[in-house]
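Here the structure is laid out as structure tokens; the discussion comes afterwards.
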Amino acid sequence: MKDDSGVYMRERAAGLYRLSAYLLAVITTELFAILRLCSIFVVVVYWIANLMPAAMNFIAYWLVVILMTLAVESFGLLISVVLPSHALIFAFDNCFLFFAMVTGTACMTSWVVLRHLGTDTVTLVFPWVAGLA
């Protein structure tokens, strides 16, 4: 785990760049590593899980994994820059991950139950979506 917070705080205090420029630069420099690792993960998991062997499905799965990874990394970078100490970062991350797992499990469980009952989940959870069609 690298610690750029000292350099960032010093250069930000000097007025050299803003938070958005720093986050964009870090994400851009780590983009190739993310693409490589996500691609390896997708190739292995997609075929081991025996998902649909169509090219468009594979590409869609790959894009979802890449976008989710970039979103999570961006959130982690933002939290690491905003919070002043490692102890606060770890405490916030643990609370956030616990909340995300609990709500994600509840949402997935309700989706599976509603799907089993034959109910249209999207219009049940988001009734305003029906007006878009």
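Pulled fully out, how much extra length does the chain show between Thr29 and Leu97, if you take 0.36 nm times their separation in residues and subtract their Cα-Cα distance?
Details: separation 68, 0.36 × 68 = 24.48 nm, distance 2.56 nm.
That works out to 21.9 nm of additional length.
By the scheme Lys and Arg +1, Asp and Glu -1, what is the net charge of all other residues having a beta-carbon under 12 Å from that of Tyr17?
Details: positive: Arg10, Arg12, Arg18; negative: Glu11.
Neighbour charge sum, excluding Tyr17 itself: +2.
Restricting things to alpha carbons, tell me how big the stretch 1-96 is in terms of Rg and Dmax, in Å.
17.1, 54
Using only alpha carbon pairs under 8 Å that are at least six residues apart, calculate the relative contact order of the stretch 1-82 and give it in whole percent. Walk me through the numbers on the way to the answer.
On the way: 24 pairs, mean separation 30.0, N = 82.
For the stretch 1-82, the relative contact order is 37 percent.
Between Ala54 and Ser74, how many nm apart are label points set 7 Å from Cα along the C-beta direction?
According to this spin-label approximation, the distance is 2.9 nm.
Coordinate-derived values only; no laboratory data. Owing to the predicted nature of the structure, the values given are computational and were not obtained by experimental measurement. Every residue, glycine among them, receives a Cβ derived from its backbone with ideal geometry; neighbour counts consider all protein chains shown.
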